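A short worksheet on the structure shown next.
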Amino acid sequence: MRHLHLRALPALLAAALLVATGCGQPSPAPTPPPAPAIDGEALMTVVRMLAAPEMEGRGAGTPGGLRARAFVLERLQATGLEPVGDGFQLPFQFPARADGAITDGVNLAARCAGTAPEAPVIVVSAHYDHLGVRDGEVYHGADDNASGVAVLLALAAACREAPFHHTVIFVAFDAEEHGLRGARAFVESPPVPRERIALNVNLDMVSRGDTGELYAAGTHHTPALRAPLEAVAARAPVALRFGHDRPEDGSNDWTMQSDHGPFHEAGLPFIYFGVEDHPDYHRPTDTVDRIDVAFFTAAATTILDALRALDTALAGR
Ligand SMILES: [Zn+2]
């Protein structure tokens, strides 16, 4: 899930947002250090696996959902990162949306130790479940949210290669499509004390290049994060936009529309990366072939740059 309803931004509001947010101050950002390249084919390999027919749309608690869980667990462990607490799996229970039956969910988490052990923790998240099978049709969920999981795994690998200042917990959430259940369970009972969480960076639908734009939502709630992201936007290979985070945006306010919502409700800052709704959103046609690989790779590159910029900004450097 991300948006509850498919609605386009009215043109006037879009124009106003562009004026307000798209043409920010010229950034005096220094040239960033060369970031490790994002491998677009590796991203697509993950998406092809998660959106394959045998995953049956990854409905939480379904056989396809369990297969997706096993795949993400194996890939997360393969990064070489440490488990969080007792293991990589953080189980919880949730009422299924269809009949309210109590169902087992499992979040998958790994820890990338920071270079400053006293610093608080950044939680990077992406949900791995999707809508499953409905009326005999598989909802593949390539963009929503196999794409976010692929980027999360790439970020985890990059962190393993070159750790951040902050410790980063990478978590693939379950049961987002049932009402952000995995994220709610994580925030209710986090593997580190909640006051140690400095920021949630959530990824949900990051591969569709229909508009060439990637949004970073959340700076309305935490304005201090805007400047480092403006610097990223100035050098980004995609059009990085701000917005979709104000109450007056109505249904276009994405603040509670994905797994960053429970973090926000708990008073924790978030940045959410995602694209606008597209015609295949929450339809069986959200398939791998409709992903724009060049945009997807550029979006992942931008998100990695942003994560490093946020890490630096939060460290006060
Ligand atoms: Zn989603």
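The values are calculated or read from the model by the stated rules, or taken from the named source; none is laboratory data. Bear in mind the structure is a predicted one, so any value in this text is a computation, not a measurement. All Cβ positions, even for glycine, are placed from backbone atoms using ideal geometry, and neighbour counts span all protein chains on display.
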Item to check | Index of the failed condition, Ala60 passing every other in (1) at pLDDT 95 or above; (2) of a type outside the set (D, E, K, R); (3) surrounded by fewer than 23 Cβ atoms within 10 Å (Cβ to Cβ); (4) more than 26 Å from Leu314 (Cα to Cα) | outcome: (3)
Checklist entry - Being crowded, with 21+ Cβ neighbours inside 10 Å and at positive phi, is that true of even one residue in segment 276-287? => result no
Next on the checklist: Looking only at segment 134-155, count every residue that is of a type in the set (D, E, K, R) and buried (at least 24 other Cβ atoms within 10 Å of the Cβ) and tell me the total.
Outcome noted: 2
Checklist entry - Of the residues that make up segment 222-229, is at least one surrounded by 20 or more Cβ atoms within 10 Å (Cβ to Cβ) and of a type in the set (Gly, Ala, Ser)? => result no
Checklist entry - Condition test on Pro95, is it surrounded by 15 or more Cβ atoms within 10 Å (Cβ to Cβ) and not aromatic (Phe, Trp, Tyr)? => result no
Checklist outcome for this item: Residue pairs within 9 Å by beta carbon, gap of at least six or interchain, first lying in segment 140-151 and within 13 Å of Ala300 (Cβ to Cβ) and within 8 Å of the ligand (Cβ to nearest atom), second assigned to a helix (DSSP H, G or I) and of a type outside the set (S, T, N, Q), listed first then second, are none
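Scan segment 268-287 and give yes if some residue there is over 23 Å from Ala198 (Cα atoms) and part of a helix (DSSP H, G or I), otherwise no.
No.
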Next on the checklist: Against the condition assigned to a helix (DSSP H, G or I), of a type in the set (Gly, Ala, Ser), touching a His at 6+ places or on another chain (Cβ under 7 Å) and within 16 Å of the ligand (Cβ to nearest atom), how does Gly182 come out, does it pass?
Outcome noted: yes
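I'm trying to understand the selection: among the residues of segment 112-133, which are within 18 Å of Phe71 (Cα to Cα) and surrounded by fewer than 24 Cβ atoms within 10 Å (Cβ to Cβ)? Working first, answer last.
Within segment 112-133, the subset within 18 Å of Phe71 (Cα to Cα) is 125-132.
Scanning segment 112-133 gives Leu131, Gly132.
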Item to check | Filter result (assigned to a loop (DSSP other than H, G, I, E, B), among the charged types (D, E, K, R) and touching a residue at least 60 places away in the same chain (Cβ under 8 Å)) within segment 104-137 | outcome: Asp129
Checklist outcome for this item: The residue from Ala158, Ala227, Ala172 that alone is modelled with pLDDT of 95 or more and within 16 Å of the ligand (Cβ to nearest atom) is Ala172
Checklist entry - Is it fair to say Glu161 is surrounded by 24 or more Cβ atoms within 10 Å (Cβ to Cβ) and of a type outside the set (A, V, I, L, M, F, W, C)? => result no
Checklist entry - Quick check: is even one residue across segment 292-314 out of contact with any Gly (no Cβ under 7 Å at 6 or more places or on another chain), closer than 22 Å to Pro223 by Cα and modelled with pLDDT under 95? => result no
Next on the checklist: Anything in segment 109-137 that is more than 16 Å from the ligand (Cβ to nearest atom) and touching a helix residue (DSSP H, G or I) at 6+ places or on another chain (Cβ under 7 Å)? List them, or say none.
Outcome noted: Ala110, Cys112, Pro120, Val121, Ile122, Val133
